[in-house]
Amino acid sequence: MGVEVRTEGVTKSFGSQRIWQDVTLTLPSGEVSALLGPSGTGKSVFLKSLIGLLRPERGSIFIDGTDITTCSNKELYEIRKLFGVLFQDGALFGSMNLFDNTAFPLREHTKKSESEIRQIVMEKLELTGLLGAENKLPGEISGGMRKRAGLARALVLDPQIILVDEPDSGLDPVRTTYLSQLLIDINAQIDATILIVTHNINLARSVPDNIGMLFRRQLVMFGPREVLLTSEEPVVKQFLNGYMVGPIGMSEEKDEAQMAREQALAEAGHYDNGTDEIEGIIPQMKATPGMPVRQGVDRRRRRVMEIMHTLPHAAQVAIQESMEENGDTQVLPAYSGNPAQYPGNATEATVRHNPTNG
Ligand SMILES: Nc1ncnc2c1ncn2[C@@H]1O[C@H](COP(=O)(O)OP(=O)(O)OP(=O)(O)O)[C@@H](O)[C@H]1O
Ligand SMILES: [Mg+2]
């Protein structure tokens with residue numbers, strides 16, 4: 001089973017530039033999670049912090065129970081072997097062909113023979129649709145192919161934790177769907193804990209079990225997919241729909257006055273967003289028939305039931321509906337229809353505001 005990743009109050013700055021602060025979340029073992037957020041909010045920095053490439057100045061990061069912010073370099077080296085990481089830029093070695101790039105972690109971290117290595121590398125290159133390109137250099141292939149080669153390399157050690165930074169960027173819509181299916185199938189096969197950083201709303205709506213969002217140096221939410229996808233938070237709605245009106249601006253966050261001006265213009269009908277509002281939940285992608293059952297699904301169901309009473313009303317309803325659609329009629333706490341009966345049953349329970357950053 002994949003291992004749990006837990007951060008507790010982590011804060012990261014570069015010099016005087018605070019990237020994010022007090023980020024606390026758990027990537028449940030063997031579940032698929034996604035991290036959203038406008039450009040520059042520190043998603044890639046977060047990912048690099050999880051494998052100990054960057055060190056937050058405050059807080060702890062527990063990988064399978066070990067705090068990598070305080071452990072020895074030797075321990076960190078061992079823990080890194082649990083990870084398969086696809087960096088945003090692919091991070092391929094420019095002078096190595098795709099075969100050698102993909103084989104690199106195997107040669108570095110295992111004592112496997114070249115023939116074993118060949119078998120694994122070719123299997124992962126096939127999985128990512130790169131058979132036939134193994135002799136090409138990164139500079140000789142398309143951007144989408146480089147992304148897929150980075151993914152092939154991330155998978156060769158059968159990692160227990162897979163971190164992928166915008167795996168879909170540079171991929172066409174069809175290959176993005178293949179990639180989504182691939183991630184779900186990998187999760188079904190090896191029960192790895194997966195974190196996907198993405199700007200792709202389709203992927204975010206259909207793939208992960210859990211979704212979080214970074215904004216204004218905070219983790220505004222993290223939890224079961226239904227919480228974010230039914231959220232009324234302006235920043236979440238704006239992001240999911242790609243609206244111009246809302247707290248997110250082109251270069252940075254807008255100030256209150258700018259937001260008020262835009263709101264007035266929006267009410268006067270000035271902005272036509274061109275699409276209907278994205279609302280509600282779409283069914284989650286399932287593993288390809290013939291694959292093992294995703295064990296994370298069952299664990300997640302039990303986990304979500306336990307925290308059900310702390311979730312916002314709309315999320316509870318969505319969870320209930322999706323369970324009914326899946327034929328899971330068992331043991332749901334009867335919902336009284338009165339959200340007030342549930343302690344903490346407001347968006348404030350899961351959405352944290354920090355007035356000093358607002
Ligand atoms: N090694 C570094 N040294 C100094 N500043 C850095 C470093 N890495 C990232 N930053 C800064 O941290 C901030 C967050 O960067 P990051 O790449 O994590 O954003 P992101 O959310 O991944 O954005 P995008 O969606 O565009 O990929 C940026 O302001 C960036 O300039
Ligand atoms: Mg990034």
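In the context of the full set of protein chains, the stretch 170-264 has a per residue accessible area of 38 Å² (1.4 Å probe).
In a fully extended conformation the segment linking Lys237 and Phe62 would gain 59.9 nm over its present Cα-Cα distance, using 0.36 nm per residue. Would you mind getting me the FRET efficiency between Ile141 and Met259? Use the beta-carbon distance for r and R0 = 51 Å, nearest 0.05. Working from the Cβ atoms, E equals 0.75. Take the Cα of Glu123, step 7 Å toward its Cβ, do the same at Ala266, and the gap between the two points is 5.0 nm.
Per residue, the stretch 1-104 exposes 41 Å² of solvent-accessible protein surface, assessed with a 1.4 angstrom probe and all protein chains in place. Cross-link check: pairs Lys43/Lys111; Lys12/Lys237; Lys111/Lys136; Lys136/Lys286; Lys74/Lys286 evaluated at a Cα-Cα cut-off of 28 Å; pairs beyond the cut-off: Lys43/Lys111; Lys136/Lys286; Lys74/Lys286.
Kindly state, to the nearest 0.05, the FRET efficiency for Met244 paired with Gln295, given R0 = 45 Å and r defined as their beta-carbon distance.
Efficiency at R0 = 45 Å is approximately 0.60.
Mean-square fluctuations from a GNM of the chain, with a 10 angstrom spring cutoff on Cα atoms, peak among Ala149, Ala264, Ala314 at Ala264.
Per atom type, the stretch 5-225 shows carbon and sulfur on 48% of its accessible surface, probed at 1.4 Å. Note on the chain: antiparallel DSSP beta bridges, both residues inside, total approximately 55 percent of the bridges counted.
Rank-order 39-52, 164-177 by packing density, defined as the average count of other C-beta atoms within 10 Å over each peptide's residues, highest first. Intermediate results must be reported in sequence, preceding the final value.
Details: 39-52: 19.6, 164-177: 18.1.
My ranking of the peptides, most packed first, is 39-52, 164-177.
With a cut-off of at most 13 other beta carbons within 10 Å, and DSSP calling the residue loop, which trypsin sites (Lys or Arg not before Pro) in the stretch 104-141 qualify? Please list them. If you can, show how the numbers build up before the last one.
Values: sites: Arg107, Lys111, Lys112, Arg118, Lys124, Lys136; in loops: Lys111, Lys112, Lys136.
Here the sparse-neighbourhood loop sites are Lys111.
Rounded to the nearest 500, the helix-only mean residue ellipticity at 222 nm of the chain stands at -11000 deg cm²/dmol, with each DSSP H run of n ≥ 4 adding -39,500 (n - 2.57).
Between Leu53 and Asn73, residue separation times 0.36 nm minus the direct Cα-Cα distance comes to 6.1 nm.
The values are calculated or read from the model by the stated rules, or taken from the named source; none is laboratory data. Bear in mind the structure is a predicted one, so any value in this text is a computation, not a measurement. No Cβ is skipped: glycine too gets one built from the backbone with ideal geometry, and neighbour counts run over all protein chains shown. Remember, those area values only see protein heavy atoms, side chains included, never the ligands or the DNA or RNA. Shrake-Rupley method; radii C 1.70, N 1.55, O 1.52, S 1.80 Å.
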